[in-house]
Amino acid sequence: MNIHLILQMAADAMGDRQALTYDGRSLSYAELDQTARRVAAKIGGFERLGWLAENHPAMPASLFGAALAGKPFVPINYRLAADRIEALKTRIAPALLVGEDLAATDGIETISREQAIEGDLFEEDANPDPGVAIELFTSGTTGEPKSALLRHANLMAYILGSVEFMGAGEDEATLITVPPYHVAGIAAVLSSTYAGRRMVQLPAFTPASWIETARAENVTNVFLVPTMLQQIVEHAPDDLNLPSLRAISYGGGKMPLAVIERAMQLFPNCDFTNAYGLTETSSTICLLDADAHREARDSDDPLVRRRLASVGRALPTIEIAIRSEDGAECGPDEVGQVFARGDQIGGEYKGLGSQLDADGWFPTRDVGFLDSEGYLFLDGRADDVIVRGGENISPGEVEDVLLTHPAVSECAVVAVSDEQWGEAVGAVVICKDAPPHEEELQEHVRASLRSSRVPSKVLFVNELPYNETGKLLRRVLRDQIDSA
Amino acid sequence: MATSVKPGTKWNSTTCETQVMALRVPMGTDLELTCGGAPMSTEEPAERSEPAEDASAGTLVGKRYVDDGETMEFLCTRGGAGSLAVNGTPLDIKEAKKLPSSD
């Protein structure tokens, strides 16, 4: 299977329907297919098609065009520092790279977005299975970015398993704010095209531009990472009125409970969906759907109510298992490592091969538990667990307690080096006003948790380092607190 | 004529616009895939005949078609006037589950 089939079906079945809108410009599915064919005609002599630019109509055309030409599509994060970008460019050569005013690199030929969608058409049929469709660099919050490989078969399994072809009404439009180098940015193009839902591209997100575009384009569906929703909630006037908006999906990081509760008040008529997935899993593998959101919000049962902080249940095509360190399967509410299995899971890195075990399970390296009804609760990354004298401490557990202190507005708990214990608990804290004494916060934690959880070091800061998709950069924090 | 059908291969009707892609087929079994009562082809036909009367219920793009025991599954990638059958037995639309899209 080739993901170009998605566009071929859309162009055949609804060629005149609007496929996308960008800055006053529109393309139908038939026109998008033509632009994809123009991109495809340029890729022949290269091993892959790179993308190093903000979103633009040429992005979906390049994604599908690369598939049509049978070459991997490789989006690069344009927000990285110049030296990091150069390092990634070297890794993708020999490639044709789409972007504006790019520096010269050996083995890379560059082309602008407008140039990419001009010229001759690729007239051949798509290769039914050219193998790798997408190479995505992981965000590298813990080390060098890895190149995650997603095959055509993985992405098609995701689309066929989760999207109804032409399932969207002609009036539906989705606002795309996630960048092209994020797996959600790729999934948005594939899902929207298969569903027949018009894509409205908004490359430079601000709460004001988001609200303005959503209103002007009669947007019905949006996907947001938590930091974006947080900014919208903080920025939005109480009488915010977006009458067309029906569905808000979010994912890509931990959603603070206060933000989702406020968002549900601000958008009372919207369906909320929390989507959990990884680059390596072709995006979403678990969903907390709109009904589950309402049920949790309205319930008096604490076990139902807490589901608002879960990532929901596995897609019908996905299995989730929680395993302890010795590999044994955990029971309900027992914390362990999250494993996932299903056809959409790539779980493969360039140069490192497949990470799936013999039975096809992928270790997400997320830590969490399933409740008795199969709702998945996440509790940070396995790499973030603090090992204090052989005892595993999850940062989330300590963060949740710190956040209940009235002076604390945000916090992050990371490992600090400790001569006696190897590692110990460090807390980086943002306060609403004047910070309390370190001892006061330590006492606050001691009152609820075992003494091993008490931060041995507290650092007060004005902001926490997030990357642009809302991931907390714990590596940066570890360096910061260790050198403080 | 029965032939080997591989997953991912597209088959075109010779009686209408229908095109399907094999998603899942039994391993090592030769199948006779027909639409509108006539064998389907991996090539786009130069010209098309009419679907037979008893095989003209039509196909719908985006729907998945399965046999009785769901041992095989085809995705309709282009709809048409003919109806699908394998070895003379009609294929039906797979019972649609509510799909869980998040994006």
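Bear in mind that the values in this text are calculations on the coordinates, not laboratory data. These numbers come from a predicted model, not from an experiment. Here Cβ is always computed from backbone atoms with ideal geometry, including for glycine, and neighbour counts include all displayed protein chains.
Observations, loosely collected:
- DSSP bridge orientation in the protein assembly as shown - percent antiparallel, rounded to nearest 5: 70
- Computed Rg/Rh of the stretch A:207-349, alpha carbon atoms with Kirkwood Rh: 1.02
- Over chain A, relative contact order from alpha-carbon pairs under 8 Å, at least 6 apart, %: 10
- Set of aspartates and glutamates with alpha-carbon distance to B:K63 below 16 Å, sequence-local pairs under 8 removed: A:D12, A:E164, B:E17, B:E73, B:D92, B:E95
- Translational diffusion of the stretch A:4-294, estimated by Stokes-Einstein from the Kirkwood radius over alpha carbon pairs at 4 °C in a medium of 1.567 mPa s, is 67 µm² per second.
- Extending 7 Å from Cα along the Cβ direction at A:L449 and again at A:E334 yields two label points whose distance is 2.3 nm.
- Pairwise label distance in nanometres, A:D359 with A:L121, each label 7 Å out on the Cα-Cβ vector: 5.1
- Unsatisfied cross-links (Cα-Cα over 24 Å) in the set A:K350/B:K10; A:K432/A:K471; A:K350/B:K6; A:K146/B:K10; B:K6/B:K94: A:K350/B:K10; A:K350/B:K6; A:K146/B:K10
- Span from the the stretch B:1-36 Cα centroid across to the the stretch A:61-100 one, whole angstrom: 36
- Tail weight of P(r) past 30 Å, computed on alpha-carbon pairs of the protein assembly as shown, percent: 56
- Here the contact order of the stretch A:295-383, divided by its residue count and restricted to Cα pairs under 8 Å and six or more residues apart, works out to 28 percent.
- Centre separation in Å (Cα based) which lies between the stretch A:366-386 and the stretch A:177-197: 26
- Compactness ratio for the stretch B:3-93: Cα radius of gyration over 2.2 N^0.38 Å (N = residue count) comes to 0.94.
- Backbone N within the stretch A:216-238 under 12 Å of label point (7 Å from A:R297 Cα along the Cβ vector): none
- The amide H of A:C431, built 1.01 Å from its N in the peptide plane, has A:S409, A:V461 as neighbours under 5 Å, considering only residues 5 or more places off or on other chains.
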